[in-house]
1. Of the residues that sit in the range D:272-299 and are more than 17 Å from D:Glu205 (Cβ to Cβ) and more than 7 Å from chain B (Cβ to nearest Cβ), which one is surrounded by the fewest Cβ atoms within 10 Å (Cβ to Cβ)?
2. Which residues, taken from the range D:244-259, are more than 25 Å from the chain's Cα centre (by Cα) and more than 7 Å from every other protein chain (Cβ to nearest Cβ)?
3. Of everything in the range B:86-116, what is closer than 17 Å to A:Trp235 by Cα and buried (at least 24 other Cβ atoms within 10 Å of the Cβ)? Give them in sequence order.
4. Of the residues A:Glu265, A:Glu307, only one is part of a loop (DSSP other than H, G, I, E, B), modelled with pLDDT under 95 and facing another protein chain (nearest Cβ under 7 Å); which?
5. Is it the case, given these coordinates, that C:Thr249 is more than 28 Å from D:Glu277 (Cα to Cα), part of a helix (DSSP H, G or I) and modelled with pLDDT of 95 or more?
6. Only one of C:Glu265, C:Glu233 is acidic (Asp, Glu) and in contact with a Phe, Trp or Tyr (Cβ under 7 Å, 6 or more places away or on another chain); which?
7. Among the residues of the range C:67-117, which ones are under 26 Å from D:Ser242 (Cβ atoms) and in contact with a Phe, Trp or Tyr (Cβ under 8 Å, 6 or more places away or on another chain)?
8. Within the range D:56-71, which residues are modelled with pLDDT of 95 or more and over 13 Å from D:Gln2 (Cα atoms)?
4 protein chains.
Amino acid sequence: MQIGIVGLGRMGGNIGRRLMRGGHDCVVYDHNPQATDALAAEGATGSQNLGDLVSKLAGPRVIWLMLPAGKITEDTLNDLHEILQADDVVIDGGNSFYKDDIRRAARFRELGVHYVDVGTSGGIWGLERGYCMMIGGDEAVVRRLDPILATLAPGRGDIPETPGRAGRDPRVENGYMHCGAVGSGHFVKMVHNGIEYGLMQAYAEGFHILRHKESAELPENERYTLDLADIAEVWRRGSVVSSWLLDLTAGALASDAGLERFSTEVADSGEGRWTIEAAIEEAVPAQVLSAALYTRFRSRDADMFPERMLSAMRFGFGGHKEFPVK
Amino acid sequence: MQIGIVGLGRMGGNIGRRLMRGGHDCVVYDHNPQATDALAAEGATGSQNLGDLVSKLAGPRVIWLMLPAGKITEDTLNDLHEILQADDVVIDGGNSFYKDDIRRAARFRELGVHYVDVGTSGGIWGLERGYCMMIGGDEAVVRRLDPILATLAPGRGDIPETPGRAGRDPRVENGYMHCGAVGSGHFVKMVHNGIEYGLMQAYAEGFHILRHKESAELPENERYTLDLADIAEVWRRGSVVSSWLLDLTAGALASDAGLERFSTEVADSGEGRWTIEAAIEEAVPAQVLSAALYTRFRSRDADMFPERMLSAMRFGFGGHKEFPVK
Amino acid sequence: MQIGIVGLGRMGGNIGRRLMRGGHDCVVYDHNPQATDALAAEGATGSQNLGDLVSKLAGPRVIWLMLPAGKITEDTLNDLHEILQADDVVIDGGNSFYKDDIRRAARFRELGVHYVDVGTSGGIWGLERGYCMMIGGDEAVVRRLDPILATLAPGRGDIPETPGRAGRDPRVENGYMHCGAVGSGHFVKMVHNGIEYGLMQAYAEGFHILRHKESAELPENERYTLDLADIAEVWRRGSVVSSWLLDLTAGALASDAGLERFSTEVADSGEGRWTIEAAIEEAVPAQVLSAALYTRFRSRDADMFPERMLSAMRFGFGGHKEFPVK
Amino acid sequence: MQIGIVGLGRMGGNIGRRLMRGGHDCVVYDHNPQATDALAAEGATGSQNLGDLVSKLAGPRVIWLMLPAGKITEDTLNDLHEILQADDVVIDGGNSFYKDDIRRAARFRELGVHYVDVGTSGGIWGLERGYCMMIGGDEAVVRRLDPILATLAPGRGDIPETPGRAGRDPRVENGYMHCGAVGSGHFVKMVHNGIEYGLMQAYAEGFHILRHKESAELPENERYTLDLADIAEVWRRGSVVSSWLLDLTAGALASDAGLERFSTEVADSGEGRWTIEAAIEEAVPAQVLSAALYTRFRSRDADMFPERMLSAMRFGFGGHKEFPVK
């Protein structure tokens, strides 16, 4: 099946590669000509600009955008709005906010252009493992994209079957799901990332407790110096907390027990924040997901004004000056 | 290898079965004679009481306790203290508090009896999958137990190897780990359970947000009715949040989308609480693990006094009476 | 000074009363004619509708809206947009979202109409104690309103002076503050309410711990049956946690120790939610303020799906069925 | 009334001064002779050691300990255990853990010596404002101490009376309360401090949100540069969040808007930790109080291992390297 791909970064480039390996015909464009050339060298049809890409696709076209969420995606969709035609399909495979999908889709609908949002998980591993995809849009259009989606998805692999799924949509077990109307794909992916933050923080706190068990402030006979790499490894094997994130942790710790080469400042992307905003809109308590997000905020805060306020209050009522003022 | 097993409940019985399948010779005792008889019928040597069990074991003995943490374990260890002899080994495989291990081991040490603590994960799945074990005690004694531990452990199975582990203790990859001195096995298992709470709560919050996305309080064009069972399933396949807990969730949702048959009151065991206490002793922040524990407390609170206090304050400053007083 | 007041509910009516007591001339309107008549009977000039109110005010007019945030405020402002004239001042004294202020003010600015936002604290106590006001808008316009603001504010009263404030804006010590440009008044009031949630929850948790100290699950010699009303009272007198919220709590507990007449379902207004959204926009961790908000969400959740998920997972890995399924 | 005072630091010295001003006869001892001499110069009877102090007191004696909780208090009580006689009263006015009170009181009871615990709030302000006291012990003994307690307490002052307290214990309104059996005084004081942490953190988070509202990352028309000192001041006057902690905050900000002279590392004392442990023992959710404690832990953590773990996982699944590795 023929497909246009716009945005050939880490994710977009590999999506193109996986599609070509699956026998699909990719017309590609990146604002960086070297990226375009690189994929062309692997068998894709390169293009000079959006118009060139569109002209090289037979109608009704299918165009997959894999761009950073925000202004770049918005601008590109605005440009495509000028040149796409009725029954073309535009797919936003990036990490857009689902309310932007709803707004954009309404605008494309006036032209008869179909808008599909795909939340794509799998990161740098997707090329080999396949991409887990959460999809929003009209059912008939999503069905039309099935050859592409089936190629990108991981497939059943050797993951054990879940009992009780007889009669359910078999696409899901292949790793892609039509979640509902436009925006629902990105919404489900957003919550996925919110959960991801929570899981990561749960591991981080637990390993922090393990690591500090050698603290000299504890009674001497209650201290242990624990091998965190071995603990992560043994938990991969039959324990309740086994997971892919634990696999990655075990790998990181095996080669660098103190994780010294990693940053103490942790970025957060839009999805974590939007998840909390969604929880608040729905009046759903999200203690753990919020706490995980806030830990990241805190990791990047150089101001530490709230701590100063606590110190100021303690000084105010108790004259406490335990710590050297810095 | 010969071993005595005391406590033949869900865990202890299956540990006996897995050991017998592995060719070990089990002498068993449970205060419920029917439990003893059941395992005897499967090939174990039954015994009438602790003294009988000890008399049927050749010295130096190895006795594995698989009893509820607390009074029963304490009483049984006190009884064994009277009858065990130098160089015997007593193993507490239950969920004891690690500080109890330290105290008990010191007392047994006076007799020359070795005390080993084993944190055992795997639950009802351990018979088939094997048990992930975290072990505390003297290295020579733990080595002596290796035939038993190797049988109980899951083994390497088809779990992918973690890169960078060359030269490390191969027992870990078979699913059991000698963590350190007495108590360290239960300490590591305790933190494992603390993490487990956090992971579970992260999923629960995320699925709560997904479920309430159909709420009538949201703008109509921003509502989705999402299939939670399919979402859990698709995330098992190539997503970042795949885990064994997610596998179990996918199974539960596949057959009962509203989980109506499950309780809204969630129990917590000692480990979750002890994990928070350990964090506090170490001055380690544990926002997520605490929040997860508190959610369980809250689920069982019929008093709801704090909520009444909030309502009383709101009434006090604002005359708010929005909700019918119940 | 002459002023129009739109919205004569609990807050708006008392604002009118306090202004009249201060010698101001109030022209009032409420969509409920009885509310209008009631205030007219106390000396205000009643009006039949917005147009009537505007016609009874000499230009340049000052109109204070005291309406529920949201649609009613928006509609009323739209109506006023049609009939106000250059140099008139419209004040939103309700609990509007500050971004709405920014948007609305821009629209009024095109007409030469000034928009001022006033976050008003004081609730049902404001008539006697005065209203603490946080104000956003142009300095010249806010100065023009000074006679009104000074009357509504509590004044210095017998609250001890804060050292170090020499040379600062004296309005602040009288209980009203010009915070900055349009929207800043409501923004500061919003954060005020966010803090209020956190303070309330801190007390609620503490008293919960005091109350459960008589629990039969504790060791018998560690139980106390504590008099919460007396504790609240004694803390009002020289302790670090004394506050107006504690005063209110002491009053509520004195007459109803179990607070049985108060609801277990706690409402939340927009400000608490917006505060968290502001924190997220600013990447500021707000653990306590979020936790306080979520407690309220949880108090109203009849679904308890997340708890069911936890129970389902516990059943999945451990066969736990401790609680009767409901 | 005659009283012995042991420990003449910031708190103990001022307690002696306030008692002498009230006409009481103080025999004092501090291990630092200069501290003893200083108080003797103000009218107290100095003593050389514990034995000397005891010998200078007429029986039945009353001795008030005002020492750091922990080893010093324990050692001093052990020494007093050797020399006190039946019907003497020993008072621990420090910040001891209430379970230590229960244990110590049982041991003194064997001698017929009465043990009373007093949780004392008021800090450096107590000399002038009086001390808010929470008292545990036998009613008859507490009554015997009334002359001392009444002098130390703030008295009614000009704090408005709480309605509905007719017929209740009038001591409470004078700022001291007999909470219950031994230990209950320190237990109530402990929870007081737990609440204090929560209140402080609520303010700190709110002011953090106010302060970052000028962040360059926000849309330009949504930024405000807010005067935090004025905001704290205006909230003291008629707002819902007025409190003594806010008074102190207003004072600190008035002279140092950025609080630059205060530490970013915030100490925590035992009470905050014990409050969480009490909550866990009682199965009471304490989200806010825990979050407040953890913020302090985090402020002193130089390791930042959990943050490194998050970065390592992000690198593992996504190749994220947004932040320079430090």
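The values are calculated or read from the model by the stated rules, or taken from the named source; none is laboratory data. Because the structure is a prediction, the values reported are computed rather than measured. We place every Cβ from the backbone using ideal geometry, glycine too, and count neighbours over all the protein chains shown.
1. D:Glu281
2. Across the range D:244-259, the qualifying residues are D:Asp256, D:Ala257, D:Gly258.
3. Once the filter is applied, which keeps residues that are closer than 17 Å to A:Trp235 by Cα and buried (at least 24 other Cβ atoms within 10 Å of the Cβ), the range B:86-116 yields only B:Gly93.
4. Details: A:Glu307 fails: part of a loop (DSSP other than H, G, I, E, B).
On inspection, the qualifying residue turns out to be A:Glu265.
5. Details: more than 28 Å from D:Glu277 (Cα to Cα): no; part of a helix (DSSP H, G or I): yes; modelled with pLDDT of 95 or more: yes.
So C:Thr249 fails the test.
6. On the way: C:Glu233 fails: in contact with a Phe, Trp or Tyr (Cβ under 7 Å, 6 or more places away or on another chain).
On inspection, the qualifying residue turns out to be C:Glu265.
7. Of everything in the range C:67-117, those that are under 26 Å from D:Ser242 (Cβ atoms) and in contact with a Phe, Trp or Tyr (Cβ under 8 Å, 6 or more places away or on another chain) turn out to be C:Ala69, C:Ile91, C:Asp92, C:Gly93, C:Phe97, C:Tyr98, C:Asp101, C:Asp117.
8. Across the range D:56-71, the qualifying residues are D:Leu65, D:Met66, D:Leu67.
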